[in-house]
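I have placed the structure first, in the form of structure tokens, so that the comments after it can refer back to it.
The values are calculated or read from the model by the stated rules, or taken from the named source; none is laboratory data. Since we're looking at a predicted model, the values are computed, not measured. Every residue, glycine among them, receives a Cβ derived from its backbone with ideal geometry; neighbour counts consider all protein chains shown.
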Amino acid sequence: MLSAALGGRSGGGGGAGGLWRRLRCAGGASVAAPPAAGARSLASRSSSLPFPQDGSPRPRPRAGDDTRAWGPPFVGKESVYFLSVNRNKKSIAINMKNSRGAKIIRELAAVSDVFVENYVPGKLAEIGLGYEDIKKIAPHIVYCSITGYGQTGPMVQRGGYDSIAAAVSGLMHITGHEEGEPVRVGVAMTDLATGLYACGAIMAGLLQRYKTGKGLHIDCNLMSSQVACLTHVAANYLNCKIEGKRWGTAHGSIVPYQAFKTKDGYIVVGAGNDQQFVTVCKILNLPEVSKDSRYKTNTLRVQNRKELIDILSTRFSEKATSKWLQLFEGSGVPYGPINNMQQVFSDPQVLHNGLLMEMNHPTAGRIVVPGPGVRYSEFAVSHPKPPPLVGQHTVEILKGMLGYEDNAIEELLHTGAVAQHEVNSDN
């Protein structure tokens, strides 16, 4: 979940300006490459930045980050979990507790735009790689720390995982069946939200650097990101003292807005206004329900939720999902089936949006992962690079980015300051 950028060497507006000119082009004139194509990222520990990276080095010891072992399933010896979030990166394996290894990190930071890390606060400072240390040699750096709970406060020394933060922040409390136990969301939404918050913060940091020539330190953490994502549930409590609760697939403030069981599956229907509710009743051949005084407005429908949902549920159970999809098509009412993975990745719109990315991994062979959730008018996202092996690009980075000679690299490899993973040329 972390990273750092490498574009302009200078600590002033010059280096930042070069990057900013590329970013600025994406919103206007013609662009030959994606907006982050000129940026370099230096990532410490596990890293999956939510913006395109061009050869971003990731310093790690020989074992790699924990997600490399999260399985099954595996493709060959590679964790599918790791493969799903680490494309378009380069890996340099560095022993950061080795003084020469730490020196390489500082050298990389000096030619980076952004430095992102996810260690417990204070750990990197102990080996001379904290923000204040990096700032001395790279005053232009946008240094983003991603932790469980923040850089200060009573919980900063605790480790943080997605599910723990989801529990502490209240997300699990409001997720699950109305009468059931708290439930973990099916994917790591707190991790993903934190990565997206970090991305936005980093972009803001780069903009500030363009304007002032100065870098900054960003404190991004799982708990704060998830609390911020509580949105209306948090506002309900803070302003009206209404405690959050579990609603299953339903919505606490909008009725109907939930999944309904059909003859052979489920369909989700949302009536966000009174006219849409009238349309739903028309499609269900229940015109009398839309005229019932108990259901005339959304406020009344929320107050009489159980009676209304019972009526609608009975009608939805009478037809197959495919039939309901036909009836709702073109109605203006938001609707959709609950798809499994096979259905998702055979959906015509998913395929049209380019949400499948294929690439050849050096040991796992052909792999397919979800593509980016956005598309651009001026360029296409193409030719993705597979997630790297640990230390796959160590020599390449030392030579290409730092100008190390062969004999110096050999000594670093021999002493264990760095490691190189050799890849067969025919893979």
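Go over the candidates 378, 405 one by one and state the one that is farther than 30 Å from residue 319 by Cβ, surrounded by fewer than 16 Cβ atoms within 10 Å (Cβ to Cβ) and in contact (Cβ under 8 Å) with a residue 40 or more places away in the chain. One residue alone meets the criteria, 378.
Every residue, every condition in (1) touching a Leu at 6+ places or on another chain (Cβ under 6 Å); (2) surrounded by fewer than 16 Cβ atoms within 10 Å (Cβ to Cβ), yes or no:
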{"residue": "136", "(1), (2)": "no, yes"}
{"residue": "149", "(1), (2)": "no, no"}
{"residue": "162", "(1), (2)": "no, no"}
{"residue": "165", "(1), (2)": "yes, no"}
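A single member of 89, 136 is at pLDDT below 95 and charged (D, E, K, R), and it is 89. From the set of residues in the stretch 270-296 that are β-branched (Val, Ile, Thr) and touching a Leu at 6+ places or on another chain (Cβ under 8 Å), which is surrounded by the most Cβ atoms within 10 Å (Cβ to Cβ)? Ranking the qualifying residues of the stretch 270-296, first place goes to 280. When 219, 191 are screened for being touching a strand residue (DSSP E or B) at 6+ places or on another chain (Cβ under 7 Å), over 13 Å from residue 248 (Cα atoms) and among the acidic types (Asp, Glu), only 219 passes.
Taking residue 233 as the residue in question, decide whether it is assigned by TED's automatic domain parsing to the domain that holds residue 304 and closer than 28 Å to residue 300 by Cα.
Answer is no for this residue.
If you take the residues of the stretch 168-190 that are of a type in the set (D, E, K, R) and modelled with pLDDT of 95 or more, which of them is nearest to the chain's Cα centre (by Cα)? In this case the residue turns out to be 184. In the stretch 103-116, the count of residues that are of a type in the set (Asp, Glu) and either under 25 Å from the mean Cα position of the chain (by Cα) or crowded, with 22+ Cβ neighbours inside 10 Å (or both) is one or more. Evaluating residue 320 against the criteria (1) outside the structural domain of residue 90 (by TED's automatic domain parsing); (2) exposed (fewer than 13 other Cβ atoms within 10 Å of the Cβ); (3) not basic (Lys, Arg) leaves one unmet condition, (2).
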